[in-house]
1. Just to be sure I understand the rule: take each whole DSSP H helix in the chain, project its Cα atoms onto its long axis, keep it if the span is 24 Å or more and its mean Kyte-Doolittle hydropathy is at least 0.0. Which ones pass?
2. Would you mind calculating the relative contact order of region 235-341 from Cα pairs under 8 angstrom and at least 6 residues apart, reporting the percent as a whole number?
3. At what distance in angstrom do the alpha carbon centres of region 266-332 and region 383-435 lie from each other?
4. Are there chymotrypsin sites (Phe, Trp or Tyr not before Pro) in region 296-403 that DSSP puts in a loop and that have at most 13 other Cβ atoms within 10 Å, and which ones?
5. Reachable aspartates and glutamates from Lys166, Cα under 12 Å, same-chain residues fewer than 8 places away excluded?
6. Between rounded, prolate and oblate, where does the chain land on the alpha carbon gyration tensor, with a ≥ b ≥ c its root eigenvalues, rounded for a/c under 1.5, else prolate if a/b exceeds b/c?
7. Specify which residue in the list Ala53, Tyr69, Pro87 is farthest towards the positive end of the charge dipole of region 39-115, using unit charges on the beta carbon of Lys, Arg (+1) and Asp, Glu (-1), about the Cα centre.
8. Taking all pairs of distinct Cα atoms, average 1/r, flip it, and tell me the Kirkwood hydrodynamic radius of region 136-258 in Å to one decimal place.
Amino acid sequence: MSNWSRRTVLKSLGMAAVGAPLAGKTIDTKNTETNSLPLFRNDKKKLKEPIKAIVCGAGGRGWGAYSSYARKYPDELQIVGVAEPIPYRRERMAKAFNIPEEHQFVTWEHVFELPKFADAIIITTPDDLHHGPAMAGLNLDYDLLLEKAIAQSWEECNDILKLAEKKEAIVAVCHVLRYTSYFRKMKEVIDSGELGEVVSVQHFEPIERFHMCHSFVRGNWGNSKKSNPIILSKSCHDTDILRWIIDKPSTKVSSFGSLSVFRKENAPAGSTARCTDGCAVERKCIYSAIRIYKEQRGWLGHLNLEEINDKTITRELKNGPYGRCVYRCDNDVVDHQVSNFEFEGGITAAFSMEALTHYGGRRTRIFCTNGDMFGDEKTLTITNAITGKQDVWDVRKEKNDGSGHGGGDHGLVHDFVRAVSFKDPKLLTSTIQASMESHLMGFQAEASRLNKGAVKEIKLK
Ligand SMILES: NC(=O)c1ccc[n+]([C@@H]2O[C@H](COP(=O)([O-])OP(=O)(O)OC[C@H]3O[C@@H](n4cnc5c(N)ncnc54)[C@H](O)[C@@H]3O)[C@@H](O)[C@H]2O)c1
C-alpha cells in the first residue's frame with residue numbers, strides 16, 4: 001500500500017477523476033452523459049432560396065472555410081463574385097462557382113464600383129483590409145460576414161458598427177468557436193444554472209509552436225502594424241468566449257507579456273537569413289522551414305503555391321516569407337501573454353496565451369457556486385457539488401459535418417445565411433454588437449501590456 005500513489009488509491013475507490021469525496025458526497029463518475037446537440041443551431045429554419053455572396057480574399061478562409069459551405073450546401077449559399085489578386089486563387093473560385101468574368105476582380109475595391117449584385121460580402125482579406133471593404137459593402141447595403149479581428153483599431157471597429165446600425169445590416173463576426181458543439185455545450189451548461197453562478201474562470205490557449213512560427217513569426221500575423229497584436233489577431237476568440245460564457249460586461253484588465261524567443265539576438269551562431277541560405281544549424285533547428293514545409297509538407301495553405309511540389313515549395317522558401325529564419329523576421333507580436341480580467345459582480349478570469357507548446361486545444365476551468373467544469377476541447381467534465389453527479393461529455397460523439405474549428409466554420413455560415421435570409425440578427429450569436437466588447441477587452445489588454453500591466457478600464461461608451 002505504501003507504494004501506491006494517491007491517484008491509484010483513489011482510482012481503486014472510483015474517485016480518480018475528482019480526488020476526494022465532496023461535502024460528504026462521493027462523486028458519481030459512472031454517469032457519462034453524451035450527445036446530442038443538433039448539428040447546427042438553427043437546423044429547423046429552412047431557406048426559401050440560396051443567399052448570394054461575393055468573396056473578398058480567396059485564401060485559407062475565403063476559399064477553404066466559407067466557400068466550402070457553398071460547395072457542400074449549394075441550395076443555401078452561392079458564390080457569385082470574387083476579388084483576389086493571386087490569379088490561381090481567383091481562378092479556382094471562379095471555376096468552382098461558374099463566376100462570370102465581369103464578377104472576377106483583382107482587388108476588393110473593384111467589387112464596389114458596380115451596383116449591388118449579391119446579398120452579402122464575405123470579407124476574408126488580411127486584417128489590414130477589413131475596414132475598407134466593410135465600409136464600402138455597408139454603403140452599398142450589403143450584409144457582411146466579416147473575419148476577425150473586426151479591424152485594426154477601436155475607432156475603425158466603431159466606424160463599422162455605426163454604419164452597420166445605420167444601415168440595419170446583418171454583420172456576423174467570424175467568432176467560429178461560438179458555433180462549435182464544444183463551446184455551445186459549455187454555454188448551455190452554464191446558462192442552465194445547474195452549477196449556480198460563475199465565480200471565476202481560468203482559460204488557457206496553447207498556440208502550439210509550429211502554428212506560432214508559421215502564423216505569428218513568419219506569417220501574416222507576426223507584425224502588429226500589418227495585422228494586430230496577437231491578443232486580437234488570435235485571442236479575440238478567447239476574450240469573446242470569456243465574455244460570452246460569463247455573460248456580464250468585463251470592467252478591467254491587467255496584462256503582461258513579451259516576445260522572448262523569436263528575436264534577432266537569439267539567432268544561433270551560423271544561422272542565415274533564410275533556412276535555404278546554407279544555415280549551419282538548419283538540421284538541428286526546431287523551426288527549419290525546409291523540414292516543416294518541404295519534407296513534412298506541413299502548413300502549406302498560406303504559401304503561394306499554384307501546385308504543390310518540391311520546385312514550387314523551394315521557390316517560396318527562397319523568396320517568400322515562410323523561408324525566413326524565425327529569429328530574423330519583422331515580427332513583433334508576443335509569444336506569451338497573461339491577462340487578468342474583472343467582470344461585473346467581481347467575477348474574475350485569468351487568461352494565458354502560450355506559444356511554446358507541443359499541443360493545441362484550449363483548456364478552460366469554470367468555477368461556480370454549485371459546481372465546476374473543466375474542458376480541453378475534447379471533453380467537458382461537469383461536476384455538480386450538490387448532487388455529487390459528474391458527467392463527462394465527449395465532443396467526439398457529437399454530430400460534425402467535418403468543417404474547420406470543430407465544425408464552427410460551417411456552423412457560423414449556416415446561421416449567417418439564415419440571418420441574412422430572414423433579416424434576423426438574433427439567428428446569430430456573434431453579431432458585431434456582441435463582438436465589440438470582446439475586441440475592446442483585447443485592445444485594453446494590449447494597452448495594459450504596453451504600460452507594464454497598468455490596470456485599464458473597459459468601457460464601451
Ligand atoms: N475566424 C478564424 O478562426 C480565423 C482563422 C484564420 C484567419 N482568420 C482571419 O481571416 C482573414 C484571412 O485569413 P486567411 O488565413 O484566409 O489568409 P490568407 O492569406 O490565406 O487569405 C487572404 C487572401 O486575401 C487576398 N488579398 C490580399 N489583398 C487583397 C485585396 N486587395 N483584395 C482582395 N483580396 C486580397 C490574399 O491574396 C489572400 O489570398 C484574416 O483577417 C485572418 O485574421 C480568421
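No lab work stands behind these numbers, since they all come straight from the coordinates. Note that the structure is a prediction, hence the values are computed from the model and not measured. FYI the Cβ positions are ideal-geometry reconstructions off the backbone, even for glycines, and counts take in every protein chain you see.
1. Details: long enough: 432-450 (27 Å, -0.02).
Span-like helices here: none at all.
2. Relative contact order here is 44 percent.
3. With region 266-332 and region 383-435 each reduced to a Cα centre, they are spaced 37 Å.
4. Details: sites: Trp299, Tyr322, Tyr327, Phe341, Phe343, Phe351, Tyr359, Phe367, Phe374, Trp393; in loops: Trp299, Tyr327, Tyr359.
Sites meeting the loop and neighbour criteria: Tyr359.
5. Straight-distance partners of Lys166: Asp141.
6. Since a/c reaches 1.5 but b/c is at least a/b, the shape of the chain is classed as oblate.
7. Farthest along the dipole direction, towards plus: Tyr69.
8. Values: mean 1/r = 0.0596 Å⁻¹.
About 16.8 Å, per the Kirkwood formula over Cα pairs.
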